[in-house]
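A quick write-up on the structure given underneath.
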Amino acid sequence: EGWESIDQAPVEADMEDLHFVPGDDVVQDVEGSASQLHRALPAPKPPSKEEVRKHNLTHWPYRSWCPFCVMGRRNADPHFQAKGTDSRNPPLLVLDYAFIRNKDEDDLTTIPVGKCYPSRQVLACVLDAKGTDQLAINKVADVIRDCGLTRFVWKSDQENAIRALMEEAIKRSGRSGSMLPADVPVLSAVPEASPVGSSASNGRAERTVQMVEDQIRTLKAALEAHIGAMVLCDGPITRWLVQHAADVINKNAVNPSGHTPYEDLHGKKPRERRIEFGERVFYSVPKQGRAKMDVRWKIGIFLGHTLTTGEHYVGIRNGNVVRVRSCVRVVEPSRWDKAAVERIIAIPGAMRPVDDGEPTAEQNLMTSLRKR
C-alpha cells in the first residue's frame, strides 16, 4: 500500500546529502540549513506486469496502484470499525437500494443490494422499477434457496417497495412467515425494520451497498477505458456488470472465517478461471447448435459467470447472451471491441430477445443442398 516515511521504503534511500536525527522531524543538509519534514502521502509500489494482468481480471481486492480501483473505490478518509459482538443465532438477510447514474444522465438506475449472514453472500441486480420487479424477486428468491435458509430474519428500512419485493421473494422461495397451527412445521422468515428516518440503523445493508457501488464503479471505469466510450447506467451491459460485480465479491472477498462467501456456502473454492469483464473471447458452441462441419468456437463478449454451475455468460453477435461451458481468451491487442459491447441487447432474465441467429444443423444441411 505504500509507506509513510523514507526509512519504510522498499528501496534504499540516498543519504549522501541528508542527515536524519532518529525520532526527529528536523533535517539538516551539508550546508547546515535546517528544514522541517512533512509527512508524505503513501506512494503505491509499482506492480509487475503479471500482477497487473491478474488484478485486471476482477479488480478485487483494492489496489492503490490500479487507477480504476482508485477512481471507483478509494475512500476520502479511512473508516474504523469496532469489533462486533453480534451473537444472532438465526441467519440474517439485509436488503437496501442503491441508486446509480452518470453525470449526464437524468434518471437513476435502481439496484436492490442484499447480503445474507453468516455466509455474507451478496446479491445485486438492476430494477426496471421499485417494488415487485420479477427479475429482482427471482434473484432474492434464488439467494434464499442457495443459502439454504429455512428460518431466518430479514431486515430493511420501512419503505413499502422494498418490503413488497421481499415478501414476494419469500413466497416464491417457498418460505413463509404466516401463522400456522403449532403442529404444522413451517419454514419462517421473520421481518425486522429500521426505525423511520434512521437508515444508519441498518448499517450492514448500508455497508454492503457501498461495497457493491464501489465495485460497479471500478469495473465500469475499467471497461470504459478499454472500449473508449461511456457505459450508460440504464443500458443492457450495466445489468450484466452489476451481476458480475456481486459475483466477484462472493468469490473473492474473504470473511472473518477465512473463506469467501462462496466457500462458506459450498465448502469448496470456485473452479472457474477469471476473464476481465467485457473482453472478446472464443466460446464453445454447444453440440446441439452446430453440425459436423460447423466451427466449434466463435467470438463473443464475456459477461460473467453463473453462480453455481461455473458456466460463462457470453454476448454473441446478434445481441443475445448464451451460457457456455468453455471460453478461451484472445491475444491482448484484440481483446476489446466497442461495437461488440454496444451490440448486446439481452439482459439477465431475458437472454434471447431476438432470434438466436446461430444456424442449426438442419439449417446448415438445407443451405448446403441449395448450393449444390
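Take the Cα of residue 326, step 7 Å toward its Cβ, do the same at residue 164, and the gap between the two points is 4.8 nm. Of the residues 297, 336, ranked by 1.4 Å probe accessible area with the largest first, the sequence reads 297, 336.
Segment residue 268..residue 99, full-extension length gain: 57.5 nm, with 0.36 nm per residue of separation and the alpha-carbon distance subtracted.
Ligands, DNA and RNA excluded, the heavy atoms of residue 167 present near 90 Å² of accessible surface to a 1.4 Å solvent probe. The largest accessible area among 282, 152, 68 belongs to the first residue in 282, 68, 152, and the rest follow in falling order (1.4 Å probe, all chains). Note on residue 150/residue 308: beta-carbon distance plugged into 1/(1 + (r/R0)^6) with R0 of 25 Å gives a FRET efficiency of 0.85. One decimal place: the segment residue 335-residue 106 gains 79.3 nm when fully extended, by the rule 0.36 nm per residue minus the C-alpha distance. Could you estimate the translational diffusion coefficient of the range 217-319 from the Stokes-Einstein equation, with Rh from the Kirkwood formula over C-alpha pairs, at 20 °C and 1.002 mPa s, in whole µm²/s? Answer from the Stokes-Einstein relation: 139 µm²/s. Rolling a 1.4 Å probe across all protein chains gives residue 226 an accessible area of roughly 60 Å². Between amide H atoms placed 1.01 Å from N, distances below 5 Å from residue 305 occur with 313, all of them 5 or more places distant or on a separate chain.
A simple spin-label model places the labels of residue 207 and residue 287 4.9 nm from each other, with each point 7 Å out along Cα-to-Cβ. Using a cut-off of 18 Å between Cα atoms, the listed pairs 54/251; 49/251; 115/251 include 49/251 as exceeding that distance. For the set 259, 59, the ranking by accessible area, highest first and with no ligand, DNA or RNA atoms included, is 259, 59 under a 1.4 Å probe.
The values are calculated or read from the model by the stated rules, or taken from the named source; none is laboratory data. As the structure is a computational prediction, the values presented were derived from the model and not from experiment. Cβ: placed from backbone, ideal geometry, glycine included. Neighbour counts: every protein chain shown. Quick note on the areas: whole protein, heavy atoms, side chains included, nothing else; ligands and nucleic acids left out. Shrake-Rupley method; radii C 1.70, N 1.55, O 1.52, S 1.80 Å.
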